[in-house]
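These notes concern the structure reproduced below.
The values are calculated or read from the model by the stated rules, or taken from the named source; none is laboratory data. What you see is a predicted model, and the numbers here were worked out from it, not measured in a lab. Don't worry about glycine lacking a Cβ; one is built from the backbone with ideal geometry, like all the others, and counts go over all protein chains shown. Each accessible area value is taken on the protein alone, full model and side chains, heavy atoms only, with ligands, DNA and RNA left out. Shrake-Rupley method; radii C 1.70, N 1.55, O 1.52, S 1.80 Å.
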Amino acid sequence: KKGLALYNERNYDEAIQAFGRCVKFDPNFMDGHVQLGFVLLDKGEVYRAKKEFEYVLRNNPRYPGARIGIGVTYVREGKVDEGIELLKEAITLNPNPVRGYRELGKAYEASGDLKNALHYYEWAMRKLVQGRR
């Protein structure tokens, strides 16, 4: 909870420390690894973030949050098509998180496909209206 609060305050360094302590204490707490990965992504540490997401996927290949994270890292590395495919898989596995739709919109925008980008941004907004996060 502390890591999420720090992340929401955009205090990335302290959030990284909090999540780092969390996953060190319990390496099997996959949500902690995923959250750490997203904080690292937002801080611009794509390589370190990717390692966290890969760790989760090695232990649970169908974990949607980790697929979203890996998809985002691929897009940021310029592998946009691969990123789009992973993001699509992630929202198929769990169609509720807003982040999956938003990131898929960003990926399509990066590919130049503005029609699909708008479609997924609209879905992200629908999820927000439904109270999803």
Scan region 53-67 for residues that are touching a residue at least 24 places away in the same chain (Cβ under 8 Å) and open to solvent by 10 Å² or more (accessible area, probe 1.4 Å) and jot them down.
ASN59, ASN60, ARG62, TYR63, PRO64, GLY65, ARG67
Just give me the residues in region 9-55 being touching a Lys or Arg at 6+ places or on another chain (Cβ under 6 Å) and at pLDDT 90 or above, in sequence order.
LEU40, VAL46
Helices (runs of 4 or more DSSP H) wholly inside region 30-133 containing at least 3 residues that are under 24 Å from LEU4 (Cβ atoms) and of a type in the set (A, V, I, L, M)
30-43, 46-59, 64-76, 80-93, 114-129
